[in-house]
Amino acid sequence: MADLTKEQANQELAKIRPQLNEWRDAYYTKDAPVVEDNVYDKLYNQLLALEQQYPDLVTSDSPSQQVGDVTLPDFNKVTHDIPMLSMGDVFSEGELAEFNDRIEKNVGHEVDYNVELKIDGLSLSLIYENGILVQGSTRGNGTIGENVTENVKTIKDIPQKLSRPLSFEVRGECFMSKKEFLRLNQERENEGQQVFANPRNAAAGSLRQLDPKVTASRKLDTFMYTIVTFDDLNVSTQHEALETLKELGFNVNPTAEVTTGLKGVQEFIERYGEIRDDLDYGIDGVVLKVDDLAIQRDLGNTVKVPRWEIAYKFPPEQAESVVHDIEWTI
Ligand code: NAD
């Protein structure tokens, strides 16, 4: 978009924000997106570019300042003492290098990254007390989530009792396999019900059910990737956190790798970009996380995203290429 005057930018933002909010409502509240993610991302990035150019036009209710999901009124709410944030994203090798430069400049030296697949599901928080699963919740708006404990208890790969009496919170992704998505949509079509747009929305629609029996009738899976509270655990890096989660019986995605600087990251991206169709779960990119947890803590978060991680988003798949793209230029 050509450089706009402040007045023009303001007018443009007044069109972009309601449009994004409408799409967010369909995606996060109704689990039924009306446009493909790349259409959303394109407009969202226009919003970011305008706000970056004119920072005083940023409003606290702008989509750039909000973690997406909302909480459905019928669910009991939980408060996340440590907010569940969104994640910054980049779309090119150049932007990835800029992210790495920013990190190195802040830290003062090259860092190790834990490189993980970005699973296309919805964030899940699990709380254990003395080794017993006592709460499962969605991200919601980052601070207030939905209590889905009974639904979570129907997910077979989530341990309800740990071998050690730990009291802690873990987080990860709840997702639906491509196979289960096809089965569920076939069943819904046979019953004359509306089908889900994609596995991510099917997973969200299945976890956010008032009747746990409905959740239980659909096979959901998880990959856990974050230990939020480390009391009693000897963990100082993200890759040790993944190892510990595995030892404790959580399902952990097996593909993560540690790399120094950006060495090998492009190769990882290319490798999984090529075989993503062959995986039985959806991925929409690759996540780079500074491996050292102490450095993560030092880098901290913005209001919406951690500074120590970034998602590299894959280009949209062929089948996803968009018919209803919208041009936002004035
Ligand atoms: P996001 O989904 O892009 O990234 C953050 C999330 O990634 C985390 O909350 C976590 O749940 C997940 N994640 C998956 N694998 C992970 C891993 N290995 N480590 C850490 N986290 C991992 O961000 P968001 O703010 O939740 O949503 C924005 C996304 O939603 C964009 O991709 C956008 O395209 C899409 N969206 C689409 C529409 C639409 O209308 N199609 C509307 C709104 C948002």
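Points to keep in mind about this one:
- Of all residues in the stretch 235-269, those satisfying the criterion of being of a type in the set (D, E, K, R) and either under 30 Å from K153 (Cβ atoms) or touching a Gly at 6+ places or on another chain (Cβ under 6 Å) (or both) are E240, E243, K246, E247.
- Pairs linking a residue in the stretch 31-46 that is modelled with pLDDT under 95 to a residue that is within 9 Å of the ligand (Cβ to nearest atom) and assigned to a loop (DSSP other than H, G, I, E, B), with Cβ atoms under 7 Å and 6 or more positions apart or on different chains, are A32/A197; P33/A197.
- Annotation: of all residues in the stretch 48-72 being within 12 Å of the ligand (Cβ to nearest atom) and hydrophobic (A, V, I, L, M, F, W, C), the one that is modelled with the highest pLDDT is V67.
- When each of R218, R188 is tested for being of a type in the set (K, R) and part of a helix (DSSP H, G or I), the lone residue that passes is R188.
- Of everything in the stretch 270-304 that is crowded, with 17+ Cβ neighbours inside 10 Å and part of a loop (DSSP other than H, G, I, E, B), the residue that is modelled with the lowest pLDDT is K304.
- The set of residues in the stretch 26-47 that are over 16 Å from P316 (Cα atoms) and more than 9 Å from the ligand (Cβ to nearest atom) comprises T29, K30, D31, A32, Q46, L47.
- Residue match in the stretch 123-139 (condition: within 14 Å of the ligand (Cβ to nearest atom) and either assigned to a loop (DSSP other than H, G, I, E, B) or at positive phi (or both)): yes
Here's the yes/no breakdown for (1) touching a helix residue (DSSP H, G or I) at 6+ places or on another chain (Cβ under 7 Å); (2) hydrophobic (A, V, I, L, M, F, W, C); (3) under 22 Å from E240 (Cβ atoms); (4) at pLDDT 95 or above:
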| residue | (1), (2), (3), (4) |
| --- | --- |
| F91 | no, yes, no, no |
| I119 | no, yes, yes, yes |
| Y128 | no, no, yes, yes |
| L133 | no, yes, no, yes |
| G136 | yes, no, no, yes |
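The values are calculated or read from the model by the stated rules, or taken from the named source; none is laboratory data. In this text, all values refer to a predicted model and were calculated from it rather than measured experimentally. Methodologically, a virtual Cβ is constructed for each residue, glycine included, from the backbone with ideal geometry; neighbour enumeration extends over all protein chains shown.
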